[in-house]
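Undergrad: Here it is, the structure in full.
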Amino acid sequence: MLKRSIAAEGLKLRHSRIWLILFVLPSLSILIGCANYYLNQGVLHQEWYSLWTQVSLFYGEFFLPILIAICCSYLCRLEHQNHNWNSLMAAPISPAHVFLAKLAVLGILLFFVQIFFLLLYYGAGKLLQLSSPFPLETLGWIFKGWLACITIASIQLGLSLRIRSFATPIGICLCAVFMGLGMYLLKLGMFFPYSLLTIGMGILQQKCIMGSENLLFIIMNLLFTILFSFISIYRLKNTDITA
Amino acid sequence: MNAVVTTQKLTKHYEGICRVKELDLQVYEGEIYGFLGPNGAGKSTNLKMLLGLVKPSAGKIAIFGKDFQQNRTYVLQHTGSLIESPSYYGHLTGLENLRIMQRLRDVPDKNITEVLKIVRLEQQKHKKVAHYSLGMKQRLGIAMALLAFPKLLILDEPTNGLDPGGIEEIRELIKSLPGQYGITVLLSSHLLAEIEQMATSVGIISNGQLLFQGRKDTLQEKSKNYIFLRTGNNEWAQNLLQQKGYHPVKYKEQLRLANLTDEEIARINKTLVQANLDVIRIEEYHKSLEDIFLELTRKENNLC
């Protein structure tokens, strides 16, 4: 049943302009990051790692969270418009599957966005003629970043389900990301979902988190995702639908 | 006859205001049940509760003999619906919209072809729904509701926004559903004429309360016929008839009598003539369904 719901969610994205955003925002991050790197080569000596600090900062702390929030708002706006909640919630699909199908589609989209960003990073490094070997840690950052994306998506999706406005949840997301930076600096990043992206993608510290920390990171992501999904599903189940 | 929909004391409060009050609905298999009431009477709220879109404050819902809460998926699998305005994804074509519903309901491709034929949208299926006219959107909505050929079809104001030709077409379609596909239809309307022409059973609701429920012919029978009498001296005639045990009421220039058989009328006439009173006119007044509806709903409003 979940598979069918996911297929239905996929169909809704046809002829949609959301694809544009999925390509444009990572490209913008790379462009700005590369420009920064290029202009500050005097102080940035660590080649791939230095490039990563620049591109991932713009991507992970700004464009990616915005992208997640936009996708969530978009997926919900499809239902908020034209009374679609009525037909969706009167279909023989459990509220849990309605939510999880959307989260799954977001997971798939964000996976491709992460891969696309990785390719752009690689391409940019080659263009800038970085001579050291490509750091394999990046793969880990991309994957852990993806996990954090899903955590944030589970929250944003819940917000967008609730708030009919397109922009408000995106604004909330931006505020939360800045708060996340603060939490990260206070060493509380693991306990604030929006900081997980900073940790996972190795944005501020290019050390690869190890062993127990890795485990904590994965557990916290899982916990947050389950918790926020549960809240949204519970709400979807128990409140009146206004279409 | 099997009851398809049964509700027991179904109630819904919104912020302390009672929108639906202790509704006991009974819809039987093969019926076209017309849910009639003025705007804001609680029709949509009630239909939404039957689909689980609105959670009841109190009361029970059983559909196909099963408790709704415990069998939500089963019930919804066999129920098609069109609530409020039609639902659609404007950036997709009519066909793509149906494909989404097909995934959600897990039905074969041939159903899509068939419902497109039924609502006559085959020519427009590749057009974006945002560019559809209101009537076409409404027909697409009906197609989506029909897609799984459900046992129960719930339609909220199905002819809203249609032109007269379209109304006629949809009306004929709805009337054919029980016979052709074995679908029980529960529809709402604030237009009496519509219910009168489509429904086999009627539920009249006003201010959240069910004022009448039953077969349409019962409702029509319920309509009391009045006899209006006009005589040379109405006061004298009234006294005389009261002595004979009738209850004439003065009504403008006439006397009004309710519930008389033909024999009684003949006897009254004879009495008056024998008393040397001129009988000028004996008129029968048949109340239309509209009068009954207005009377029922008005009485309700006066009580508040």
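The values are calculated or read from the model by the stated rules, or taken from the named source; none is laboratory data. Owing to the predicted nature of the structure, the values given are computational and were not obtained by experimental measurement. All Cβ positions, even for glycine, are placed from backbone atoms using ideal geometry, and neighbour counts span all protein chains on display. Heavy atoms of the whole protein, side chains included, go into the accessibility calculation; ligands, DNA and RNA do not. Shrake-Rupley method; radii C 1.70, N 1.55, O 1.52, S 1.80 Å.
Undergrad: Where in chain B lies the longest segment free of GluC sites (Glu not before Pro) that are both loop residues by DSSP (not H, G, I, E, B) and have at most 11 other Cβ atoms within 10 Å?
TA: Between exposed loop sites, the widest span is B:16-252.
Undergrad: Can you give the helix-only mean residue ellipticity at 222 nm for the protein assembly as shown, where every DSSP H stretch with n ≥ 4 adds -39500 (n - 2.57) and the sum goes over all residues, rounded to the nearest 500 deg cm²/dmol?
TA: Calculated from helices alone, the mean residue ellipticity at 222 nm is -17500 deg cm²/dmol.
Undergrad: Right, something else. Which whole number in µm²/s is D for segment A:123-243 by Stokes-Einstein, with the Kirkwood Rh taken over Cα pairs at 4 °C and 1.567 mPa s?
TA: 81
Undergrad: Under 1.5 on a/c is rounded, so check that first for segment B:224-286, then, if it is not, pick prolate when a/b is larger than b/c and oblate when it is not; a ≥ b ≥ c are the square roots of the alpha carbon gyration tensor eigenvalues.
TA: It comes out rounded by the Cα gyration axes.
Undergrad: So how long is each side of chain A along the principal axes, counting just the alpha-carbon atoms, biggest first, in Å?
TA: 61, 39, 30
Undergrad: Same structure again: Binning every alpha carbon pair distance of segment B:84-197 at 10 Å from zero, what are the percents per bin?
TA: Per 10 Å bin, starting at 0, the Cα pair percentages come out as 14, 49, 32, 5.
Undergrad: So how many Å³ per residue does the convex hull of the Cα atoms of segment A:45-123 work out to?
TA: 89
Undergrad: How long are the three semi-axes of the equivalent ellipsoid for the protein assembly as shown, computed from the Cα gyration tensor as the root of 5 times each eigenvalue, in whole Å, largest first?
TA: 68, 23, 19
Undergrad: Can you give me the relative contact order of segment B:3-221 as a percent, contacts being Cα pairs under 8 Å and 6 or more apart?
TA: 30
Undergrad: Would you mind telling me the antiparallel percentage of the DSSP bridges in the protein assembly as shown, rounded to 5?
TA: Percent antiparallel among DSSP bridges in the protein assembly as shown is about 65.
Undergrad: Volume per residue, Å³, of the convex hull around the alpha-carbon atoms of segment B:138-235?
TA: Spelled out: Cα convex hull of segment B:138-235, divided by residues, is 164 Å³.
Undergrad: Let me ask something else about it. Among the lysines, select those whose C-alpha is under 29 Å from the C-alpha of B:Lys66, and discard any that sit fewer than 8 residues away in the same chain.
TA: Answer for B:Lys66, where 29 Å is the Cα cut-off: A:Lys3, A:Lys237, B:Lys9, B:Lys12, B:Lys21, B:Lys43, B:Lys48, B:Lys55, B:Lys151, B:Lys175, B:Lys216, listed by chain and number.
Undergrad: Mind ordering A:131-139, B:136-144 by average Cβ neighbours within 10 Å, highest first?
TA: B:136-144, A:131-139
Undergrad: Roughly what % of Cα-Cα distances in segment B:158-304 sit above 23 Å, to the whole percent?
TA: Across segment B:158-304, Cα pairs with separations above 23 Å total 54 percent.
Undergrad: If you take each beta carbon of peptide B:78-85 and count the beta carbons of other chains within 10 angstrom, what is the mean?
TA: Mean shielding count: 4.
Undergrad: Shifting gears a bit: Which trypsin sites (Lys or Arg not before Pro) in segment B:145-212 sit in a loop by DSSP (not H, G, I, E or B) and have at most 10 other Cβ atoms within 10 Å of their own Cβ?
TA: Within segment B:145-212, no trypsin sites (Lys or Arg not before Pro) qualify (loop, at most 10 other Cβ atoms within 10 Å).
Undergrad: Plugging the Kirkwood radius over Cα pairs into Stokes-Einstein for segment B:3-221, at a temperature of 25 °C and a viscosity of 0.890 mPa s, what D comes out in µm²/s?
TA: 139
Undergrad: What number comes out for accessible area per residue over chain B if the probe is 1.4 Å? Units Å², please.
TA: On a per-residue basis, 48 Å².
Undergrad: Probe radius 1.4 Å, ligands and nucleic acids left out: can you give me the accessible area buried at the B-A interface, summed over both chains, in Å² to the nearest hundred?
TA: Buried: approximately 2800 Å² between A and B.
Undergrad: Also: With every protein chain present, what is the per residue accessible area of segment A:2-237 (1.4 Å probe, Å²)?
TA: Heavy-atom accessible area per residue stands at 43 Å².
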